[in-house]
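J.: Questions regarding the structure given below will be posed in turn.
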Amino acid sequence: MSVATQILRTGVHFYRDMVLFFLTVIGYVPCHLFRKTTYRMFGVTIGEKTSFHWRARFYNPRGLTIGANSIVGNDAMLDARNGIIIGENVSLSMGVWIWTMEHDPQDPYYRVKGGPVVIEDYVWISCRVVILPNLTIGKGAVVAAGAVVTKDVPPYAIVGGVPAKIIGERTQDLRYTLNFHKAFQ
């Protein structure tokens, strides 16, 4: 690899690291409008009446699209390097981590692999859930607290555990509109 290529790569990584740092700091500002405006300036596509509670972190904010009336809880980690699409009326509870890249433990060079994550409308992801790359969580599904999602979740399924498995079914009669945020969060 040439010196010029190494310098260019270092500059790109430095820029990405600075964006991650800056948006992490913005996550501590206790004003929803300010945070959403800043996130949009850095490329996050955010629907109307969607709220981000504090301390969200982003890898590649330009790869994140979130629909209207959705909620991102405290301490979310959103790795949108391969793209994250979140639908409308989706509730991500506190501490949700969504990854679109991971290291391949079978690769002799420890390379990364991954793919996009799609979360359809009316999904509820409970607290401390980890979602791994390259999967879809179907409309109206529920992911129980502490679960690790490693494969697609069918619409209206309730899943839980490590790895997440179907433990129930949710009603398909979902009519709610999420529209709230806690003051100063």
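The values are calculated or read from the model by the stated rules, or taken from the named source; none is laboratory data. Keep in mind that this is a model prediction, so the values were computed, not measured. Neighbour counts are summed over all protein chains in view; Cβ atoms, including those assigned to glycine, are modelled from backbone coordinates with ideal geometry. Remember, those area values only see protein heavy atoms, side chains included, never the ligands or the DNA or RNA. Shrake-Rupley method; radii C 1.70, N 1.55, O 1.52, S 1.80 Å.
J.: In whole percent, how big is the carbon plus sulfur part of the accessible area of the stretch 101-185, probe 1.4 Å, protein atoms only? Don't jump to the answer; show the numbers that get you there.
T.: Details: 2810 of 5120 Å².
Heavy-atom surface of the stretch 101-185 belonging to carbon and sulfur, 1.4 Å probe: 55 percent.
J.: Let me ask something additional. Rounded to the nearest 10 degrees, what's the angle between the helix 32-41 long axis and the longest principal axis of the chain, both from Cα atoms, 0 to 90?
T.: Between helix and principal axis, roughly 50 degrees.
J.: Translational diffusion coefficient, Stokes-Einstein: compute it for the stretch 55-185 using the Kirkwood radius over C-alpha pairs as Rh, at 10 °C and 1.306 mPa s, and state it as an integer in µm² s⁻¹.
T.: The diffusion coefficient I find is 107 µm²/s.
J.: How large is the accessible surface per residue of the chain, computed with a 1.4 Å probe and reported in Å² as a whole number? Don't skip to the answer; put the middle values down first.
T.: Values: 10120 Å² over 185 residues.
With all protein chains present, the chain gives 55 Å² per residue.
J.: What FRET efficiency would be calculated for the residue pair VAL29, LYS151, taking the C-beta separation as r and a Förster radius of 41 Å, to the nearest 0.05? Could you put the intermediate results ahead of the total?
T.: Working: r = 37 Å, r/R0 = 0.89.
With a Förster radius of 41 Å, E is 0.65.
J.: If you count only protein heavy atoms and use a 1.4 Å probe, how large is the accessible surface of ARG55, to the nearest 10 Å²?
T.: Counting only protein heavy atoms, ARG55 exposes about 60 Å² to solvent.
J.: What length, rounded to one decimal in nm, is gained on full extension from PHE22 through to LYS113, with 0.36 nm per residue of separation minus their alpha-carbon distance?
T.: Full extension from PHE22 to LYS113 adds 30.1 nm.
J.: Still on this structure: Along its principal axes, what span do the Cα atoms of the stretch 1-129 show, with the longest given first and each in whole Å?
T.: Projected onto the principal axes, the Cα atoms of the stretch 1-129 cover 48, 33, 20 Å.
J.: Ignoring ligands and nucleic acids, what accessible area does LYS151 show with a 1.4 Å probe (Å², nearest 10)?
T.: Approximately 130 Å² for this residue.
J.: Name the lysines eligible as straight-distance cross-link partners of LYS151: C-alpha to C-alpha under 18 Å, and not fewer than 8 places from it in the same chain.
T.: LYS113, LYS139, LYS165
J.: Between the stretch 20-49 and the stretch 99-162, what is the separation of their alpha carbon centroids in Å?
T.: Rounded to whole Å, the Cα centres lie 24 Å apart.
J.: Gaussian network model of the chain, Cα springs within a sub-10 Å range: biggest mean-square fluctuation belongs to which of VAL19, VAL112, VAL44?
T.: VAL112
J.: Please compute the net charge surrounding ASN82, taking Lys and Arg as +1 and Asp and Glu as -1 over other residues with Cβ under 15 Å from its Cβ.
T.: Neighbourhood net charge equals +2.
J.: Find the Rg to Rh ratio for the stretch 34-101, where Rh is the Kirkwood radius over alpha-carbon pairs and Rg uses the same atoms. Before the final figure, lay out the partial values.
T.: Working: Rg = 10.4 Å, Rh = 11.5 Å.
That ratio equals 0.91.
J.: Taking the chain as a Gaussian network, Cα atoms linked when under 10 Å apart, which of THR171, THR50, THR38 shows the biggest mean-square fluctuation?
T.: THR171
J.: Additional query: Please list, or write none, the lysines whose alpha carbon is within less than 17 Å of the alpha carbon of LYS182, excluding same-chain residues fewer than 8 places away.
T.: Cα-Cα hits under 17 Å: LYS36, LYS49.
J.: For the chain, what is the calculated [θ] at 222 nm in deg cm²/dmol (nearest 500), taking -39500 (n - 2.57) for each run of four or more DSSP H residues and dividing by its residue count?
T.: On the way: 2 runs with 34 residues, N = 185.
Helix-only estimate at 222 nm: -6000 deg cm²/dmol.
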